[in-house]
Amino acid sequence: MLLPRSRFVFGRTVTVRCLSMNSEKSETLELDHVVEMVVQGNENDVGVRNWLGKRLPAIPYSLAEKLLRKKQIRVVTSTGEEPVPISHRHRMQAGEKQQQDKWSEPMQRWAKVLKSSVIFQDDHVVAINKPFDLPSQGGEKIGSCHVAALISVFRSPNSTDQPTLVHRLDRETTGAMLIAKTRVAAQGLHRAFQSSGTIDKSYLAFVAPTPKVSSGIINLPLKRIVFANGDDRIVVCSETTEPSPKKSKASKANEAETGGSSGGSDNEMKAITKYRVVNAAGSSAALLNLHPKTGKKHQIRVHLADGLHCPIVGDRKYGKRLEPSHVHTFLGSDCNKLHLHSYQITFPHPIHRRMVTVTAPL
C-alpha cells in the first residue's frame with residue numbers, strides 16, 4: 001500500500017513522498033509520487049492529526065496514527081536542517097503557500113459513486129449502499145481505490161473528525177455499510193459491533209442448488225489457513241479435530257512453506273448463521289435471507305458452500321468455477337458476480353441510542 005513519508009517545512013513547503021511499501025516487511029520498493037504543501041496562516045497551531053485529515057483526506061485516520069507512531073512523519077524547521085520525527089502532540093506552524101494533492105481520476109469517479117449511494121445520513125453516521133467491486137480497505141493487492149480512502153467525502157464541513165469505517169464488506173459484496181462521521185460515533189459503533197446481539201444484519205444471497213431444508217441454523221466453527229504465497233482461505237473445522245498445543249514460530253513457518261496449516265483448533269472461530277428460503281426455482285436455485293449471528297471473515301460464503309452445500313452464485317473462491325447451465329441461461333454474464341447483498345442493518349444510534357434500521361435496495 002502507499003505510505004506517506006512527509007517533510008513539513010514551516011514557512012515554506014510540506015513535501016509528502018508517497019512510497020510503495022511492502023506491508024509485511026516494511027521495505028521501500030519504489031518512489032511513487034511527490035506532493036508539496038505548506039501550512040496556511042489559518043492552520044497555525046492546528047494539531048498534526050487534524051491537519052493531515054484535512055489536507056490529505058485520502059489517508060485514513062488509522063493510517064495517520066500508524067505513521068506518527070512509527071515516526072514516518074518528519075518536519076524541517078528551516079532550510080538545510082535534518083528532518084525531525086514528530087509525535088501526535090505536534091502542532092503546525094503557519095506557512096505561505098499551498099499545493100494540495102489530487103485524487104486520481106478513478107478515485108474521483110468512485111467518490112461520486114459513494115456520494116450517490118447514501119441511504120441514511122445525519123451528523124454522526126452515514127450508511128451507504130456499497131457498490132460491487134469496491135474494496136472496503138486497502139491492501140497489498142488493492143491499490144488506492146477503496147472505501148477507507150474515499151470516506152472523507154462524508155466529512156462534515158466544520159468538523160475536525162475524520163470519518164471512520166466501523167465494519168467491512170468483501171470487495172464483491174454489495175449493500176448496506178455503516179461509516180462513523182465523528183470520533184464519538186466511531187467509538188459507540190465499534191462497541192455495538194463487538195457486543196453480541198446488539199446489531200442485526202440481514203443479507204440476501206442467490207444460491208444454487210436450493211437447500212433441502214427451507215430454514216435453519218448453520219453452527220459450524222471456522223478457521224483460517226494461510227498458504228505459502230500469502231493467500232488465505234476460511235474453512236470449516238473438522239468435527240473430529242481435537243485441540244492442539246500452541247504452535248511455535250518454527251512450526252507455523254513450516255506450515256506456510258508446505259501450503260498451510262492442517263488440523264488442530266488453536267485458531268478455531270465460532271460461527272453461526274441463520275438462513276431462510278425466500279423464493280425458490282424448484283430444486284435448481286433459491287433466494288435466501290441470512291442473519292449472521294457472528295461476524296467472521298467470509299462466514300456466510302463458507303457456511304453456504306461447505307455447510308449447506310449450496311454455494312452463492314458467482315462465488316469463485318468457495319463455490320463453483322462454472323455455474324449450472326440453467327443458472328447461466330437465467331443470469332448471463334452476471335453469473336461472474338458474487339450474488340451476496342447486505343440488505344439491512346439495525347443498530348443502536350451511538351448518540352441518542354434509539355434503534356435505527358437502514359435498508360439497501362437491490
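The values are calculated or read from the model by the stated rules, or taken from the named source; none is laboratory data. Please read these numbers as outputs of a predicted model, since none were measured by experiment. Because the Cβ atoms are built from the backbone with ideal geometry, glycine has one as well, and the counts that use them run over all protein chains shown. With ligands, DNA and RNA removed, areas are computed over all heavy atoms of the protein, side chains included. Shrake-Rupley method; radii C 1.70, N 1.55, O 1.52, S 1.80 Å.
Tabulated values for the structure
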| quantity | calculated |
| --- | --- |
| Alpha-carbon radius of gyration plus Dmax, which is the widest Cα pair, for segment 121-214 in Å | 15.5, 55 |
| Ranked by how many other beta carbons lie within 10 Å on average, peptides 283-291, 142-150 from highest | 142-150, 283-291 |
| By accessible area with a 1.4 Å probe, ligands and nucleic acids excluded, highest first: order of GLU268, GLU65, GLU105 | GLU105, GLU268, GLU65 |
| Relative packing of peptides 219-225, 200-206 - highest average C-beta neighbours within 10 Å first | 200-206, 219-225 |
| Karplus-derived HN-Hα couplings along segment 352-362 (A = 6.51, B = -1.76, C = 1.60, θ = phi - 60°), whole Hz, x at Gly and Pro | 8, 6, 6, 6, 10, 10, 10, 10, 9, x, 6 |
| Table column - 3J(HN,Hα) (Hz), segment 199-210, Karplus curve with 6.51, -1.76, 1.60, x for Gly and Pro | 10, 10, 10, 10, 10, 10, 9, 9, 10, 9, x, 6 |
| Global geometry of segment 103-145, whether rounded, prolate or oblate, following the gyration tensor of its Cα atoms and the 1.5 cut on a/c | prolate |
| Measure of compaction for segment 136-177 (Cα Rg per 2.2 N^0.38 Å) | 1.28 |
| Amide H contacts of VAL313 (H built 1.01 Å from N, under 5 Å, at least 5 apart or other chain) | PHE206, VAL207, ALA208, HIS339 |
| Over 18 Å (Cα to Cα) - which of LYS112/LYS337; LYS270/LYS293; LYS130/LYS293; LYS112/LYS317; LYS212/LYS274 fall in this group | LYS112/LYS337; LYS130/LYS293; LYS112/LYS317 |
| SER104 versus LYS317: modelled label distance in nm, points set 7 Å from Cα along the beta carbon direction | 2.2 |
| Built amide H within the under 5 Å cut-off of ALA285, gap 5+ | THR210 |
| Backbone HN-Hα couplings from phi across segment 159-170 [Karplus 6.51/-1.76/1.60, Hz, Gly and Pro as x] | 9, 9, 7, 8, x, 9, 6, 10, 7, 10, 10, 4 |
